[in-house]
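The values are calculated or read from the model by the stated rules, or taken from the named source; none is laboratory data. Remember, it's a predicted structure, so these values are computed and weren't measured experimentally. Cβ sites come from the backbone with ideal geometry, for glycine too, and all protein chains shown count toward neighbours.
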Amino acid sequence: MLALDGVQDPHNLGAYLRTADACEALPVVIPKDRAVQLNTTVRKVVAEAAETTPVTVVTSLSRCLYELKERGLRVVGADAEG
């Protein structure tokens, strides 16, 4: 699974979806607010990956990650500025 936070550019989201598809990371989780959604531009960028990589939209990404951690999944984060 790949969780993305704050991705605003549709081309960046498309690149993440293509990468997730290539790595078979299912699903991709994005927050409902303050992030680009799966729109026409993203679908053009990802081509076939939009059909094979499920995207789950959640109200609270932190709550989603907390619940996954509580169910035994390991949560690892990366920060471009870190």
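Counting the residues of region 50-76 that are in contact with a Leu (Cβ under 8 Å, 6 or more places away or on another chain), buried (at least 17 other Cβ atoms within 10 Å of the Cβ) and either of a type in the set (D, E, K, R) or within 14 Å of residue 4 (Cβ to Cβ) (or both) gives 2. Only a single criterion out of (1) among the small types (Gly, Ala, Ser); (2) farther than 20 Å from residue 33 by Cβ; (3) assigned to a helix (DSSP H, G or I) is not satisfied by residue 62, namely (2). Among the residues of region 40-59, just one is of a type in the set (A, V, I, L, M, F, W, C) and part of a loop (DSSP other than H, G, I, E, B), namely 47. Please enumerate the residues belonging to region 3-39 that are in a helix (DSSP H, G or I) and either in contact with a Pro (Cβ under 9 Å, 6 or more places away or on another chain) or under 15 Å from residue 54 (Cα atoms) (or both). Selection gives 13, 14, 15, 16, 17, 18, 19, 20, 21, 22, 23.
Of the residues examined, residue 79 is not one that is touching a residue at least 12 places away in the same chain (Cβ under 8 Å) and acidic (Asp, Glu). Please work out which residue is modelled with the highest pLDDT, limiting yourself to region 36-82 and to residues that are under 15 Å from the mean Cα position of the chain (by Cα) and among the acidic types (Asp, Glu). Looking at the filtered set, the residue picked out is 79. The residue pairs whose first member lies in region 49-71 and is closer than 15 Å to residue 22 by Cα and touching a residue at least 24 places away in the same chain (Cβ under 8 Å), whose second member is part of a helix (DSSP H, G or I) and basic (Lys, Arg), and whose beta carbons are closer than 8 Å, counting only pairs six or more residues apart or on different chains, are 49/18; 50/43.
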